[in-house]
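These notes are about the structure you will find just below.
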Amino acid sequence: MILPIIAYGDPVLRKVGVEITQDYPNLKELIENMKETMYNAQGVGLAAPQIGKAIRLFIVDTSPFSADEDLDESERTFLENFKRVFINAKILKEEGNEWAFNEGCLSIPNIREDVVRESEVTIEYVDENFKKHTETLNGLAARVVQHEYDHIEGILFTDKISSLKKRLIKKKLENISKGKVNPDYRMKFPLQKRK
Ligand code: NI
């Protein structure tokens with residue numbers, strides 16, 4: 001089932017997600033619904049707060065990036081196959097050169113901004129079967145994981161841009177909260193007036 005994606009301005013996007021256990025109600029179904037919702041919106045990641053649940057769960061599939069011309073063959077293969085469910089994730093380490101990448105977010109349609117982050121991340125998490133993993137990622141895979149991880153910490157990419165850029169997009173963000181935007185997927189807007 002495709003779920004409505006929560007738009008910028010909803011308080012659920014600002015909550016720090018809580019850890020979940022294996023007996024979280026309908027977890028399998030929730031993960032399936034999140035995948036369907038992400039693919040329908042052509043996203044490369046989706047975090048639970050974006051569908052209204054302040055829990056430490058996010059999914060990632062970087063395969064759309066594998067078409068990028070600048071990649072070498074091993075990066076291409078990695079991104080093609082990087083599909084993960086991250087539960088109760090904790091970033092252990094971020095390091096490497098800072099680099100800017102033009103980020104977007106399904107909760108913030110039609111806005112993209114360069115965000116600077118470190119290039120490498122080491123993350124500990126359990127997968128959908130509650131099997132524990134520790135992975136070190138870099139490049140685009142790290143970038144998507146860092147963006148989704150921020151969601152479960154209540155952080156959005158627009159928090160990480162300069163104050164000048166924040167001022168420039170303020171009105172656009174207000175309009176998104178009010179539903180004055182036309183994404184090609186279902187959304188739920190916190191300040192939309194009932195018609
Ligand atoms: Ni996002």
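Every number here is computed from the coordinates shown, using simple stated rules; none is lab data. Given the structure is predicted, the values throughout are model-derived calculations rather than measurements. Neighbour counts are summed over all protein chains in view; Cβ atoms, including those assigned to glycine, are modelled from backbone coordinates with ideal geometry.
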Could you check the simple spin-label distance between GLN42 and LYS83, using points 7 Å along Cα→Cβ, in nm with one decimal? 1.9 nm
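How big, on average over all directions, is the shadow cast by the Cα convex hull of region 17-97, in nm²? Don't jump to the answer; show the numbers that get you there.
Numbers: hull surface 27.0 nm².
So the mean shadow area of the Cα hull is 6.8 nm².
Would you mind getting the Kirkwood hydrodynamic radius of region 146-195 from its Cα pairs, rounded to one decimal in Å? The partial results should precede the final answer.
Details: mean 1/r = 0.0797 Å⁻¹.
In region 146-195 this quantity evaluates to 12.5 Å.
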Using only C-alpha atoms and all pairs of different ones, pull out the Kirkwood radius for region 5-184 in Å with one decimal. 16.8 Å
Would you work out the charge dipole size for the chain about its Cα centre, treating the Cβ of every Lys and Arg as +1 and the Cβ of every Asp and Glu as -1, and quote it to the nearest 20 debye? 1620 debye
Under the 0.36 nm per residue contour assumption, what length would be gained going from the current alpha-carbon distance of GLU153 and PHE130 to full extension? 6.2 nm
With n ≥ 4 as the cut-off for DSSP H runs, can you work out [θ] at 222 nm for the chain, using -39500 (n - 2.57) per run divided by the number of residues, rounded to the nearest 500? -8500 deg cm²/dmol
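Provide the FRET efficiency to the nearest 0.05 for the ARG186-GLU19 pair, computing r from the beta carbons and using R0 = 41 Å. Spell out each step's value before the answer.
Working: r = 28 Å, r/R0 = 0.68.
After rounding to 0.05, the efficiency reads 0.90.
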Would you mind checking LYS83/LYS165; LYS35/LYS165; LYS53/LYS193; LYS28/LYS132; LYS131/LYS160; LYS28/LYS53 for any pair whose Cα atoms are more than 21 angstrom apart? LYS83/LYS165; LYS35/LYS165; LYS53/LYS193; LYS131/LYS160
For GLU120, put the label point 7 Å out on the Cα→Cβ axis and report which residues of region 81-105 keep their amide N under 11 Å from it. 94-97
